[in-house]
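K.L.:
For reference, the structure I am asking about is given below.
The values are calculated or read from the model by the stated rules, or taken from the named source; none is laboratory data. Note that this is a predicted model, so its numbers are computed, not measured. Positions of Cβ are backbone-derived with ideal geometry, glycine not excepted, and every protein chain shown enters the neighbour counts. Protein only, heavy atoms only, side chains kept; ligands, DNA and RNA dropped before computing areas. Shrake-Rupley method; radii C 1.70, N 1.55, O 1.52, S 1.80 Å.
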Amino acid sequence: MRARSGAPPVAGVAVAVTMCVLAGSPQMLARGLLLGGVFTISRARGAAGGGGHFLLRAGLATGLGLGAGGILLVPLAELVRLGARPTDFAFFTSGSFPVAQLPSVIFPNLYGSWRTAANSMPYFGEFFVSDMVVHLGAGALLLAVVGLLEGHPRGLRWLLGGTALVATALALGEATPLIRALYLVPPLRFFRVP
């Protein structure tokens with residue numbers, strides 16, 4: 001959509017937004033729209049037809065996608081209003097990633113794993129093993145650092161690197177002050193594990 005104007009790029013973005021809506025996870029929709037908005041604003045300069053035209057097309061595509069997903073959004077809004085889901089800060093941060101388990105991003109079995117014939121050490125970390133073992137591996141982290149230092153274009157790599165840092169800080173919940181600011185955004189306080 002940035003390289004060329006016209007209906008096909010707008011339709012493509014609208015379909016992607018609609019699919020995100022219809023996936024059924026409001027939390028993932030909010031994350032996708034937030035990240036997509038930040039990405040769109042960061043890439044507006046130098047777009048075909050000018051930055052303002054690019055932002056207008058992106059807004060139109062997002063609006064079309066949300067409108068097409070209205071079949072799910074309208075009942076969802078009613079359910080949120082009628083539901084009894086807690087909106088307190090304790091619930092908001094109840095599934096945060098423990099700081100002590102950050103090394104498991106590189107070493108997945110540091111806190112044990114599922115019991116199998118090959119693995120006899122049971123999981124002893126916080127929460128459930130399926131929720132807390134986020135394994136990137138040393139190779140992925142090394143490629144991320146190389147991409148951040150050597151990748152092109154420069155603005156995009158800093159945007160993605162910054163996104164990774166902010167996402168990590170948010171995943172840590174109460175361990176960082178950033179989560180308090182996110183909790184102040186009204187629709188987001190209905191989510192758990194931001």
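K.L.:
Looking at the range 10-56 only, could you name the residues that are outside any helix (DSSP H, G or I), surrounded by 14 or more Cβ atoms within 10 Å (Cβ to Cβ) and among the charged types (D, E, K, R)?
P.N.:
Matches in the range 10-56: ARG43 only.
K.L.:
Which one of ALA167, ALA181, ALA100 is open to solvent by 40 Å² or more (accessible area, probe 1.4 Å), in contact with an Asp or Glu (Cβ under 9 Å, 6 or more places away or on another chain), assigned to a helix (DSSP H, G or I) and modelled with pLDDT of 80 or more?
P.N.:
ALA100
K.L.:
While we're here: Residues PHE89, PHE124, PHE54: which one is over 25 Å from ALA23 (Cβ atoms) and either modelled with pLDDT under 75 or acidic (Asp, Glu) (or both)?
P.N.:
PHE124
K.L.:
Tally up the residues in the range 184-193 that are surrounded by fewer than 15 Cβ atoms within 10 Å (Cβ to Cβ) and in a helix (DSSP H, G or I), please.
P.N.:
2
K.L.:
Same structure again: (1) of a type in the set (S, T, N, Q); (2) modelled with pLDDT of 80 or more; (3) open to solvent by 70 Å² or more (accessible area, probe 1.4 Å): which one isn't true of SER94, the others all being true?
P.N.:
(3)
K.L.:
Would you check which residues across the range 150-164 are under 14 Å from the mean Cα position of the chain (by Cα), open to solvent by less than 70 Å² (accessible area, probe 1.4 Å) and over 20 Å from GLY95 (Cβ atoms) and list them?
P.N.:
Within the range 150-164, LEU159, GLY161, GLY162, THR163 qualify.
K.L.:
Further question: Identify, by number, the condition in (1) among the small types (Gly, Ala, Ser); (2) more than 30 Å from LEU142 (Cβ to Cβ); (3) in contact with a Leu (Cβ under 9 Å, 6 or more places away or on another chain) that GLY83 doesn't meet.
P.N.:
The failed condition is (3).
K.L.:
For ALA90, are the conditions met, namely being small (Gly, Ala, Ser) and within 30 Å of LEU142 (Cα to Cα)?
P.N.:
no
K.L.:
Does ALA7 meet the test of being out of contact with any Cys (no Cβ under 6 Å at 6 or more places or on another chain), among the aliphatic types (A, V, I, L, M) and farther than 25 Å from GLY162 by Cβ?
P.N.:
Here the answer is yes, as ALA7 does meet what is asked.
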